[in-house]
């Protein structure tokens, strides 16, 4: 059974401060990677903080190690634009699928 995790990425050594988040090297490949895993149901939310200092991802997986393994293939991670710093299991208490209308 998949569990919910909150992943925190921070700027890596190859993050170019003079460029916006969407103008970083390998952006197109990074975006395609996230589109693919979103369609596979592995990610439900994703995005940078407004200052681009961190990227937060809500992901579903069996374990921390399975998610670390998945995200090592992210082109931003592979190319040092981002670094995956934290993978925390998240115990959600609100689930819209369970709310009676």
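The values are calculated or read from the model by the stated rules, or taken from the named source; none is laboratory data. If you're wondering where the values come from, they're calculated on a predicted model, not measured in any experiment. Glycine gets a Cβ as well: all are built from the backbone with ideal geometry, and neighbour counts include every protein chain shown.
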For residue 52, only one of the following conditions fails: (1) at pLDDT 95 or above; (2) outside any strand (DSSP E or B); (3) touching a helix residue (DSSP H, G or I) at 6+ places or on another chain (Cβ under 8 Å). What is its number? (1)
Hits in the stretch 30-49 (condition: in contact with a helix residue (DSSP H, G or I) (Cβ under 7 Å, 6 or more places away or on another chain), under 18 Å from residue 20 (Cβ atoms) and free of Cβ contacts under 8 Å to residues at least 40 places away in the same chain): 46, 48
Check the stretch 62-69 and report whether any residue there is in contact (Cβ under 8 Å) with a residue 24 or more places away in the chain, buried (at least 16 other Cβ atoms within 10 Å of the Cβ) and touching a helix residue (DSSP H, G or I) at 6+ places or on another chain (Cβ under 8 Å). no
Of the residues in the stretch 15-25, those that are in contact (Cβ under 8 Å) with a residue 40 or more places away in the chain and in contact with a strand residue (DSSP E or B) (Cβ under 9 Å, 6 or more places away or on another chain) number 2
